[in-house]
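Q: A single structure is presented below for examination.
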Amino acid sequence: MTTATAFTLVAWTVVAVVLWPIYRDPAFVVLAVVSIGLGCALALAGAIARWPAWGTALAVLAAFTVFGVPLAVPSRTVYGVLPEPAGLLDLFAGVALGWRQLITIDLPVGSYQALLVPAFVLLLIGPVLTLTIAVRAVRGELAAIVPLAAFPIAVALGPQQPLLPISTAIALATTLLLWMAVWRRHRRAAAVGAAAAGDSRWLGARALASGVALLLVAGGVGAATVAAVPPTSDRTVLRTNAERPFDPLDEPSPLAAYRASFDPAIADDAALTVTGAPAGARIRLAVLDSYDGTVFAVGSDLVDSESGRFVRIPTRRDLTGVDGDRVTATLTVQRGTGVWLPSIGDFGAISIAGEDAADLRDRFVYNAVTGTAAFVGGVPVGLEYTIDAVLPPRPVESLADAAPGSAAVPAITAIPEALSTWLGDVVAGVEGSGPRLQRALDTLREQGYLSNGVADDEPPSRSGHSVERIEQLVLDRPMIGDAEQYAVAAALIARELGFPSRVVLGFGPIDESGTTTFVERDRTAWVEVSTAGSGWVAVDVVPERREIPPTEPDEPVPVARPQNAVPPPVDDPPPLEELAPPEIEQLDDPAIDPFWQAVLAVLSVVGPVLLIAGLIASPLMGIAAAKLRRRRRRRTASDPAARILGGWRDVTDEAIDFGVALPQSATRSEVAAVIGRPQAMVLARVADRAVYAPEAPESAEAERVWATADAVRASLAEGRTRRERWRAAISPRSLRRYPERRRTTGGRAS
């Protein structure tokens, strides 16, 4: 019982270590220690008092109810101990709902809401089942199945980058193999008595050695496979494909409603108040990185874009190692912003003011790739909240010296032809990606004029940012638009030159620190460009407001490229996929054959299942291998008398494995009578003569004995079902008997 308890504690401690990256909070450590200890105590009490199964289940339910709220829902307790009624509701609801909530929220979750409940269920019920099976079941080694099944569950609930994946797997496998070896040793010792205790220890050691060898072989094959054919994608866990609580593609593009902010009826209304942000800081509403030719959107439904994956933030994000200045800013939303929550810098934590702060906090979602926050269901007007964040450092290089960065963004295939032509003329003769981008953006600002097209004294300016509208922007003279068109044009220009880019909608930059109130007409848009040295760099591309010259309709600016002397043959237009810059578009690796991709996908699913099945079946395969080795050793013994005795023992061992109850204190003839086969009586007499006759037997006689032994063993299997034959093949009953090196007398080990 002591050994079983130690095994249970170690195995479930390994499972708790696998669960740690999900929580990373002292509350989880307390829960793990108490839950594992409590589960072992309940299992031991049930074994000592011989509780029935329903009695143990009632005891577990009572412990779950009493300890559940303080351990798993600590925010719903009085003085940290007494559960509130709402805490009990959260506790039992978390048993069913906590698993789904856990895979749709950003990690770590700490003690947020009732998300500790899944860990409490695993670490309380798991040790109870494990130790109960170990000390009360006939086959106690089956207890290893419980932590073995919990381990992949804990891994699947965790992050894509687990903590010590190889070390924890080896630790658990070693613990389970040790337990099975020790348990089998105790069972053999109880069966053969104290006289054979030393030999039983050797058998247990051999079983452990075979299990460890199997583990090493399986690990070596797995490591060689990964080295030869490395995985082509990131590790997949449950949260990888979980349905997210917020999909930005269900919402209209926030850039499409940009022009509405300049309606004279609302243009001067206060929209947002910011306190505590330093000068130069920008307030972002939404970051848009995919373009379908009609609107810029957040994320893409054509590729698995990380910018479109919003998750709930339970407590705070770990900003350790993030460069920049720490800032705490308070924001008050005074006009509706839809679902988009104004944010600043790299988000760390949020604190919402008001009586309904807890309910509002549950609606907060965030995308760390773009630094965009949102409220499921919409941001309420009057919302006041405080954000802890890190403002990115200033770029270490100018845009003219920059090289394209490696940020992943959805590919853009809809590039206006007129924009490509204009860009080719502007950057002609300029060498280098950075200088070409700087020249294009400077020219865009120089040639462009700003007009929102809503005031009576402004020239007409259409809203929208479709391909047709951007073409009109670069074809018209003068070039007239507002932040909506210029930001989109600049983002497309950057993509054409190989720079990953995205459009940002928001307010700023802030003129001076302190309290700043933005009105609706202060809303603007800018572009962010990914560079190799400074990461994402914000670039203002909206021209300064200045007097707009009259339109020149009769003298359009030619935009056609110079024609070749001999026009090239007309080909079909290339597919849209080929128009995107190759360094930005995210495609599958063409170097791997689709057949092997399918094989690797199957292996990624089937491989772990086969490995677990192999670990579970390894004791059974070890038993069958030990029997084959014993038979071969007996059949090939150098002494003919030893071979004859080996043939007799092989028959009695086969009978024992088939469930024949042989007498323990009987002669060989009496044992043969119980076996009930005529050939067995002949083998008994030959074995007696080999032991007691003065002359040594001949080798030919030993061969005839083994032929007869094979016939007896075959006759024992006749008339039995396939299940009975398999059960006899893997039965360990005969392995508990006398070891091979001992002398025998009268069919029994002496």
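The values are calculated or read from the model by the stated rules, or taken from the named source; none is laboratory data. Bear in mind that the values here come from a model prediction, so they are computed numbers and not experimental data. A quick note on method: Cβ atoms are made from the backbone with ideal geometry, for glycine too, and the neighbour counts reach across all protein chains shown.
Q: When you check Arg316 against the structure, is it closer than 18 Å to Ile387 by Cα, surrounded by fewer than 22 Cβ atoms within 10 Å (Cβ to Cβ), over 28 Å from the mean Cα position of the chain (by Cα) and charged (D, E, K, R), yes or no?
A: Spelling it out, it is not the case that Arg316 is closer than 18 Å to Ile387 by Cα, surrounded by fewer than 22 Cβ atoms within 10 Å (Cβ to Cβ), over 28 Å from the mean Cα position of the chain (by Cα) and charged (D, E, K, R).
Q: What number of residues within region 448-457 are crowded, with 16+ Cβ neighbours inside 10 Å and not small (Gly, Ala, Ser)? Explain how you work it out, then say what you get.
A: The initial filter retains those residues of region 448-457 that are crowded, with 16+ Cβ neighbours inside 10 Å, namely 448-452, 454.
Now restrict to residues that are not small (Gly, Ala, Ser): 449-450, 452, 454.
Within region 448-457, residues that are crowded, with 16+ Cβ neighbours inside 10 Å and not small (Gly, Ala, Ser) number 4.
Q: Suppose the filter is free of Cβ contacts under 8 Å to residues at least 60 places away in the same chain and not assigned by TED's automatic domain parsing to the domain that holds Ala297; does Glu431 pass it?
A: yes
Q: In addition: Can you tell me which residue is nearest to the chain's Cα centre (by Cα) among those in region 91-147 that are among the hydrophobic types (A, V, I, L, M, F, W, C), closer than 14 Å to Pro314 by Cβ and assigned to a loop (DSSP other than H, G, I, E, B)?
A: It comes out as Ile103.
Q: Charged (D, E, K, R), over 20 Å from Ala428 (Cβ atoms) and modelled with pLDDT under 90: is that true of Asp457 in this structure?
A: The answer is yes for Asp457.
Q: Please enumerate the residues belonging to region 147-170 that are buried (at least 17 other Cβ atoms within 10 Å of the Cβ) and among the aliphatic types (A, V, I, L, M).
A: Leu148, Ala150, Ile153, Ala154, Val155, Leu157, Ala169 - these are the residues of region 147-170 that are buried (at least 17 other Cβ atoms within 10 Å of the Cβ) and among the aliphatic types (A, V, I, L, M).
Q: Right, another one. Out of curiosity, is Val376 under 20 Å from Leu249 (Cα atoms) and not charged (D, E, K, R)?
A: yes
Q: Residue by residue through region 669-711, note down the ones that are at pLDDT below 85, of a type outside the set (A, V, I, L, M, F, W, C) and closer than 22 Å to Ala728 by Cβ.
A: Gly676, Arg677, Pro678, Gln679, listed by residue number.
Q: Sticking with this one: May I ask you to say which residue of Gly336, Gly377, Gly348 is surrounded by fewer than 18 Cβ atoms within 10 Å (Cβ to Cβ), at pLDDT below 90 and farther than 18 Å from Phe518 by Cβ?
A: Testing whether each residue is surrounded by fewer than 18 Cβ atoms within 10 Å (Cβ to Cβ), at pLDDT below 90 and farther than 18 Å from Phe518 by Cβ leaves just Gly377.
Q: Do we have Arg24 as under 24 Å from the mean Cα position of the chain (by Cα), surrounded by fewer than 17 Cβ atoms within 10 Å (Cβ to Cβ) and modelled with pLDDT under 90 here?
A: Spelling it out, Arg24 is indeed under 24 Å from the mean Cα position of the chain (by Cα), surrounded by fewer than 17 Cβ atoms within 10 Å (Cβ to Cβ) and modelled with pLDDT under 90.
Q: Let me ask you something else. Being touching a residue at least 60 places away in the same chain (Cβ under 8 Å), hydrophobic (A, V, I, L, M, F, W, C) and either out of contact with any Ser or Thr (no Cβ under 6 Å at 6 or more places or on another chain) or within 16 Å of Ala400 (Cα to Cα) (or both) is the filter here; which residues of region 492-510 pass it?
A: Residues satisfying the conditions are Leu492, Ile493, Leu497, Phe499, Val503, Val504, Leu505, Phe507.
Q: Then there is this: From the residues in region 460-495 that are surrounded by fewer than 22 Cβ atoms within 10 Å (Cβ to Cβ) and of a type in the set (Asp, Glu), which one is farthest from Val426 (Cα to Cα)?
A: Glu468
Q: Which numbered condition trips up Ala62, out of (1) aliphatic (A, V, I, L, M); (2) in a helix (DSSP H, G or I); (3) surrounded by 15 or more Cβ atoms within 10 Å (Cβ to Cβ)?
A: (3)
Q: Restricting to region 148-184, give me the number of residues that are assigned to a loop (DSSP other than H, G, I, E, B) and either among the polar types (S, T, N, Q) or touching a strand residue (DSSP E or B) at 6+ places or on another chain (Cβ under 8 Å) (or both).
A: Looking only at that region, the number is 2.
Q: Related question: Just a yes or no: is a residue in region 43-59 under 27 Å from Ile105 (Cβ atoms) and part of a helix (DSSP H, G or I)?
A: no
Q: Here's something else I'd like to know. Which count do you get for residues in region 327-383 that are touching a residue at least 12 places away in the same chain (Cβ under 8 Å) and in a loop (DSSP other than H, G, I, E, B)?
A: Of the residues in that region, 24 qualify.
Q: Quick check on my filter: what residues within region 651-679 are crowded, with 22+ Cβ neighbours inside 10 Å, under 16 Å from Val691 (Cβ atoms) and not basic (Lys, Arg)?
A: Val651, Thr652, Val671, Ala672
Q: While we're here: Report yes if Ala690 is surrounded by 16 or more Cβ atoms within 10 Å (Cβ to Cβ) and within 58 Å of the chain's Cα centre (by Cα), otherwise no.
A: No; evaluated as a whole, the condition is false for this residue.
Q: Conditions first: (1) modelled with pLDDT under 85; (2) surrounded by fewer than 16 Cβ atoms within 10 Å (Cβ to Cβ). Val311 passes all but one, so which condition is the exception?
A: The one condition Val311 does not meet is (2).
Q: So is Ala93 under 23 Å from Leu58 (Cβ atoms), in the same structural domain as Leu44 (by TED's automatic domain parsing) and in contact with a Phe, Trp or Tyr (Cβ under 8 Å, 6 or more places away or on another chain) or not? Lay out the reasoning, then the answer.
A: Values: under 23 Å from Leu58 (Cβ atoms): yes; in the same structural domain as Leu44 (by TED's automatic domain parsing): yes; in contact with a Phe, Trp or Tyr (Cβ under 8 Å, 6 or more places away or on another chain): no.
Against the criterion (under 23 Å from Leu58 (Cβ atoms), in the same structural domain as Leu44 (by TED's automatic domain parsing) and in contact with a Phe, Trp or Tyr (Cβ under 8 Å, 6 or more places away or on another chain)), Ala93 does not qualify.
Q: Give me the residue from region 27-37 that is buried (at least 21 other Cβ atoms within 10 Å of the Cβ) and not small (Gly, Ala, Ser) and, out of that set, nearest to Ala173 (Cα to Cα). Explain how you work it out, then say what you get.
A: Residues of region 27-37 buried (at least 21 other Cβ atoms within 10 Å of the Cβ): 28, 31-32, 35-36.
Right, trim to not small (Gly, Ala, Ser) and you get 28, 31, 36.
Details: Phe28: 24, Leu31: 24, Ile36: 19 Å.
Across region 27-37, the extreme among qualifying residues is Ile36.
Q: Being hydrophobic (A, V, I, L, M, F, W, C) and over 30 Å from Asp318 (Cβ atoms) narrows it down to one residue among Ala41, Ala16, Ala32; which is it?
A: Numbers: Ala16 fails: over 30 Å from Asp318 (Cβ atoms); Ala32 fails: over 30 Å from Asp318 (Cβ atoms).
It is Ala41.
Q: Kindly check whether there is at least one residue in region 94-113 that is in contact (Cβ under 8 Å) with a residue 24 or more places away in the chain, within 13 Å of Phe64 (Cβ to Cβ) and either touching a helix residue (DSSP H, G or I) at 6+ places or on another chain (Cβ under 7 Å) or among the aliphatic types (A, V, I, L, M) (or both).
A: So far as region 94-113 goes, yes, one or more of its residues are in contact (Cβ under 8 Å) with a residue 24 or more places away in the chain, within 13 Å of Phe64 (Cβ to Cβ) and either touching a helix residue (DSSP H, G or I) at 6+ places or on another chain (Cβ under 7 Å) or among the aliphatic types (A, V, I, L, M) (or both).
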